[in-house]
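This report concerns only the one structure given below.
FYI, it's all coordinate maths here, none of it is from the lab. Computed from a predicted structure; not experimentally measured. Heads up, the Cβs are rebuilt from the backbone with ideal geometry, glycines too, and the neighbour counts pull from every protein chain shown.
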Amino acid sequence: MELQELNEAGLHLAQSFSSPALDLVFSALTVLGNPVFWVFVAALVFWKGEEKESFFLMNMVVFATALVGVLKSFFAVPRPSPENFRVVENLVTVSYGGNNYPDFAFPSGHTTTVTAAAVYLQKFEKKWLKEIFLAIVVAVAFSRMYLGQHFPLDVAGGLVLGVLVGNSNLLIQKRFEKSRFRLTKLREELALFGIIVASVAAIALFEAPIVSLLVLGYYAGFLAFKILGFDSTRLQGSELLKKEALGSAGFLLLVGPALILGEALTQLLLFLFAGLWISLIFPAVYEKVLKKTPSK
């Protein structure tokens, strides 16, 4: 049996059972691999006061999305055909890449992103949480086949690429943090900045232009936040929940319509302002207006 035949047989096997309830379950699970979801996670980390960790988590999202876009365009592997397989569409999947944008299959972007995130985040968490991350990776990877969005080889490629991206991002962060001399650190800062710029450009050209505006807004806001001398207060308990609830509400009010509306300019503007909201607008407003000042 040829490789393509095995690929198709594997997808038929993954789709050998289905139901409306499972469609809803896997449509929800697959969102955990969407780059926009991980941008939101990076936002929560930023609002917690962990700006550096948020920055490197965002880098992970950007590197993964950029590489996926470049490789998809290079290999140009078509997605499973609705004539031969059961394809379950959902709102986020349709809007994420744009209706008139080339949408190839190899490697799976959702699988790459969630795998990279799991590899990167495991350094912070306990063993039982690592097991949860692994379960999420498996669930998202399988959801891409169940929903008819990818063949098994697309998912396998996403797993391998995700491991590479996650580990590479860890190495970049460790290398950056261990720089001892200002000249060395400046050189590495410039190199990292160059990689980020190239990655955002790759996302705009090859994968999802609207997502490129989201991350561009984040980076622009992050830089402005630092230049203006702001510093997020590290919060805990009810104050942290209040801050993240307010920030999340604003983010969803911007991103929600952008994912639903089909008008390109509206999507671009909403995503740009959503990125700025994460790292500049909301943090600055919170620090200057909403933060409780300790009583004397």
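Quick rundown of the values:
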item: For region 18-282, alpha-carbon Rg relative to the globular expectation (2.2 N^0.38 Å, N residues); result: 0.99
item: Dipole magnitude (debye, nearest 20) for region 18-282, charges at Cβ of Lys, Arg, Asp, Glu; result: 980
item: The chain - percent relative contact order, Cα under 8 Å, separation 6 or more; result: 25
item: Phi-based couplings in Hz for region 43-50 (Karplus 6.51, -1.76, 1.60; Gly and Pro marked x); result: 5, 4, 5, 4, 5, 6, x, 8
item: Per DSSP, loop trypsin sites (Lys or Arg not before Pro) in region 201-242 with at most 12 further Cβ within 10 Å; result: R234
item: Extreme residue, positive dipole direction of region 18-282, given options L192, L32, V68 (C-beta unit charges); result: L192
item: Within region 1-81, GluC sites (Glu not before Pro) in DSSP loop having at most 10 other beta-carbon neighbours inside 10 Å; result: E2
item: Candidates Y120, Y219, Y286: whichever shows maximal mean-square fluctuation once the chain is modelled as a Gaussian network with Cα springs under 10 Å; result: Y286
item: For D231, D103, order by how many other beta-carbon atoms lie within 10 Å, fewest first; result: D231, D103
